[in-house]
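Encoded as structure tokens, the structure appears first; notes follow it.
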Amino acid sequence: MIWLTWRQFRVQCLAGLGALTLLAIALAVTGPGLADDYESGLASCGGTEACQTFAQRFFEAHQAVYLGALAVVLLVPALIGLFWGAPL
């Protein structure tokens, strides 16, 4: 029975592992640069008004990355539930 279950499940398992690997690579590539930009900007702002201006400029400069990560966080669990959980 375990052999049959693995045989039916292996494509979905490998696809899930591949997607997680791609996500990990994307985060490893973009994460350090994004953290460095944020840290250097916070170190340079002196007051609350300057920090608010920095936060606004930082969000505008990295809006595509933020929206992409937000889409992944919101849509991927729904897709996994649809295509992986429904047949179970």
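The values are calculated or read from the model by the stated rules, or taken from the named source; none is laboratory data. Predicted model, so just to flag it, every value in this text is computed and none were measured. Glycine also receives a Cβ, built like all others from the backbone with ideal geometry; neighbour counts cover every protein chain displayed. Note: accessible area is taken over every heavy atom of the protein model, side chains too, but ligands, DNA and RNA are not part of it. Shrake-Rupley method; radii C 1.70, N 1.55, O 1.52, S 1.80 Å.
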Hey, residue 44 hits all of (1) more than 30 Å from residue 83 (Cα to Cα); (2) of a type in the set (Gly, Ala, Ser); (3) out of contact with any helix residue (DSSP H, G or I) (no Cβ under 9 Å at 6 or more places or on another chain) but one; which does it fall short on?
(3)
Applying the selection to segment 40-53, what residues are open to solvent by 90 Å² or more (accessible area, probe 1.4 Å) and either within 17 Å of residue 30 (Cα to Cα) or of a type in the set (Val, Ile, Thr) (or both)?
48
Pick out the one residue from 63, 56, 12 that is surrounded by 10 or more Cβ atoms within 10 Å (Cβ to Cβ), in contact (Cβ under 8 Å) with a residue 60 or more places away in the chain and out of contact with any Gly (no Cβ under 6 Å at 6 or more places or on another chain).
12
